[in-house]
Amino acid sequence: MVIRNLFYILLLTVCDYNIALAKGNLDRALFPQPVFSEKPEFVDLYWNTWELAWGRVKYQDGVFQSPYMDENLWDDTIWIWDTEFMVLFCRYAPSVFPGIQSLDNFYESILNKKSSSLRIQHPDNPPFYSWVEYEYYKMTGDRERIKKVLLKDKFLQRHYNWFENLKRGTKLHFRHAWIALEKSDLGYRWGWVQSGMDNTPRGRGRKGELLWMDAVAQQALAALYIERLAKELGDKDIAKEYKKLYKEHKELLNEYYWDEEDGFYYDLSEEDTSFVKVRTPAVYWSMLAEIPDKKQAERLLEYAVDPLEFGGKYPWPSVSRRDKDYNDEIGDYWKGAVWLPLAYMATKALETYGYYDIAHENSYKLLEQMSETYNKFTPATVWECYSPSAPRPSERQYKDRRELVRHDFCGWSALGPISLFIENVLGFYNIDANKRLVEWHKNGDGEQGLRNLRFGHIITDIVANGKNVNVNSNEPYTLIINGKKYKVKRGSQTLVLKQ
């Protein structure tokens, strides 16, 4: 099995994905294999989603990195934040899906100005490369990758600085949509489409320009994970520099964007620095970047569980249900629809502060919605975004007509049936190849777990049934279940859960 694993790592290196598997015929030996007797339909959706995602692996001439992950919109165009999010499910099958490699199409084009047959639609999309590079590194232990992006090519630092110094209307060497980003003394001017939230009501009633709180939080997140990656490589100078930059963003967000009365980070009107009180889950970028203190985080948690905000039967609508522009009937894109990138990010934010039960509950509800939609709505597929009030896809209003959002969107919507299922429904929220560690927030007593989980050089089965956990592994590692530590040995063993 170890030899086979190394063989597929070699396949990944040479990018020969045609050998790794044939399209439409996934080799399940290359994937984590979930077990969940409580909801077998979640397992079915998991495998169907991988099949759909395989259709998003694209080959194209004239591209720096081919194959690459395509978001399922235009064949000649790629989006930064779609691709960043796709890395976060592709990392579970890195020998098959070119997730992390797809980021090179942005690094090489934007930073090294290399020509490509792909255009980048919005070069000023949200910049959280370092977070996803770190998460990929944790899963694979690929130290050479972070040496490349941090030390050799310095892609992460260069993009951080590029984002800081971008000016509106800048023309890059490739055809692209208008750049809206520009830094001000108190944050960032941006655009609705460029932020990723196309028709969001954010900015309603503002005075002058809107300053976007998530842009500040995302740059803080970038600095935070550049610092952490630098520490992994022992580069104290880079770590020190980005620790300082992180602190600057954190202080800025807390000084100007935090509303103590509401317990919320709001966007600002640049003219008078007043709060623009439109609440969306974008606020959880602040928690993901570890900016709130404990009391602030507790107040943000209240919005995540409030059914009139972002909680309820269908969690994570893209605007508060109390907002006057919230569209309960169809979602209307970013006026209420449930988007997997926001849902995933917000779930990881809750996790960061230890709110594992709420992360589990909201993820379970979201998977129920996606599974029911898959099984009852035609066509049976994964959608671009979902209704905030029913098990069905969202619709978007175009003048006097409505139309369904895009289907087969795997694409970032695969984050639900794959990543949220593994990490928050099953509960394997921390898998770290470098620490040889798996942390499991286990819920329920039925048969549940993962077989064939691969992280670094480790291949393991972890399946519980009641109080017994059957584990098999090719190498030793540490398994923590609900805070209790177990030493896993090479071979098969049965662990009895501690009280």
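Rule-based calculations on the coordinates, nothing more; no lab input. Just so it is clear, the structure is predicted and the values come from calculations on it, not from any experiment. Note that each Cβ is placed from the backbone with ideal geometry, even for glycine, and that neighbours are counted across all protein chains shown.
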Sequence order, the stretch 165-173: Karplus ³J(HN,Hα) from phi using 6.51 cos²θ - 1.76 cosθ + 1.60, θ = phi - 60°, Hz rounded, Gly and Pro as x, gives 10, 5, 10, 4, x, 4, 9, 8, 7
I need the shape label for the stretch 317-454. Rule: rounded when a/c is under 1.5, else prolate if a/b > b/c, else oblate, with a, b, c from the alpha carbon gyration tensor.
prolate
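Could you work out the relative contact order of the chain, using alpha carbon pairs under 8 angstrom and six or more residues apart, expressed as a whole percent?
Relative CO of the chain lands at 14 percent.
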Leu437 long-range amide H proximity, modeled H, under 5 Å:
Asp432, Thr478
Simple spin-label estimate for Lys313/Asn375, 7 Å along Cα→Cβ, in nm, reads 1.7 nm
Please give the Cα centre distance for the stretch 220-240 versus the stretch 56-132, rounded to the nearest Å.
23 Å
Partners for Lys335 among lysines (Cα-Cα distance below 22 Å; same-chain residues under 8 apart left out):
Lys207, Lys277, Lys313, Lys324, Lys365, Lys399
Residue-count net charge about Val63 - beta-carbon cut-off 13 Å; Lys, Arg +1, Asp, Glu -1
-3
Any chance you could tell me what percent of the C-alpha pair distances in the chain go past 39 Å?
19 percent
In the stretch 142-181, which chymotrypsin sites (Phe, Trp or Tyr not before Pro) fall in coil by DSSP and have 14 or fewer other Cβ atoms within 10 Å?
Trp178
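Report the gain in length on full extension from Glu260 to Lys114: 0.36 nm times residue separation, minus Cα-Cα distance, nm rounded to one decimal. Show your work: numbers first, answer last.
Details: separation 146, 0.36 × 146 = 52.56 nm, distance 4.67 nm.
Contour length minus the Cα-Cα distance gives 47.9 nm.
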Please name which of Tyr188, His407, Phe106 has its Cα lying farthest along the dipole of the chain towards the positive end, using unit charges on Cβ (Lys, Arg +1; Asp, Glu -1) and the Cα centre as origin.
Phe106
Violating pairs (Cα-Cα greater than 18 angstrom) within the set Lys113/Lys244; Lys250/Lys294; Lys58/Lys152; Lys231/Lys435
Lys113/Lys244; Lys58/Lys152
